[in-house]
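Following: one structure in structure tokens, then a few remarks.
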Amino acid sequence: MTSNSSTPNTSPTESDNKQEKPRFFDAEAKSLCWAKADLLIGRHPDRWRRDAVGNIICKRFDNCEACLCYKYDQILPLSKGGEFTAENCQILQSRVYRYKSDEDNLDKSQLKRFSSDDANVLTDRELDTIEVAVYGDVIRPGN
């Protein structure tokens with residue numbers, strides 16, 4: 001007598017043995033990436049940083065396209081074997097990120113030429129105005 005139910009193939013395949021690698025930075029990787037970015041002296045570290053080439057960025061402007069905006073970037077791109085880990089993460093101003101594309105081995109001076117200088121010429125008073133507009137107040141380190 002034959003059974004109508006078929007047993008699935010239980011032999012492991014190559015795809016079963018490979019763990020699918022994430023295709024994005026998770027919250028922990030992003031948090032560690034933000035923490036290792038350079039501080040903007042005189043500004044609250046949870047709100048302001050400098051990207052990998054020294055551009056001013058604001059924490060609230062993740063994943064947008066203005067001068068204070070930034071993206072989480074793979075230092076070694078996925079296409080060249082890079083992974084979405086905190087060790088392979090850097091923060092780049094959105095414009096720099098866009099022009100960097102999947103290049104690697106670019107030094108800071110090469111990346112800097114893609115920067116939007118608009119944010120880097122803002123005065124403390126202008127940064128205060130932006131911070132009030134975005135956060136509702138201005139917090140200085142130690143206050």
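The values are calculated or read from the model by the stated rules, or taken from the named source; none is laboratory data. As the structure is a computational prediction, the values presented were derived from the model and not from experiment. We place every Cβ from the backbone using ideal geometry, glycine too, and count neighbours over all the protein chains shown.
Of note:
- Restricted to region 70-101, and to residues there that are of a type in the set (A, V, I, L, M, F, W, C) and surrounded by 21 or more Cβ atoms within 10 Å (Cβ to Cβ), the residue that is farthest from D118 (Cα to Cα) is C89.
- Complete set of residues in region 23-69 that are among the polar types (S, T, N, Q), under 13 Å from the mean Cα position of the chain (by Cα) and under 15 Å from Y97 (Cα atoms): N63
- Selection status of Y72, at pLDDT 95 or above, within 20 Å of F25 (Cα to Cα) and of a type in the set (F, W, Y): yes
- Of the residues examined, D137 is not one that is more than 14 Å from L68 (Cβ to Cβ) and in contact (Cβ under 8 Å) with a residue 60 or more places away in the chain.
- Region 41-69: number of residues that are closer than 13 Å to N120 by Cβ and surrounded by fewer than 18 Cβ atoms within 10 Å (Cβ to Cβ): 1
- Summed over region 64-100, the residues that are under 21 Å from K21 (Cβ atoms), touching a residue at least 24 places away in the same chain (Cβ under 8 Å) and part of a loop (DSSP other than H, G, I, E, B) give a count of 6.
- Any hit, region 29-37, residues being loosely packed, with under 12 Cβ neighbours inside 10 Å and part of a loop (DSSP other than H, G, I, E, B): no
- Pairs with Cβ under 7 Å, 6+ apart, first in region 108-130 and under 9 Å from I56 (Cα atoms), second part of a loop (DSSP other than H, G, I, E, B) and not acidic (D, E): A119/N55; A119/C67; A119/L68; N120/N55
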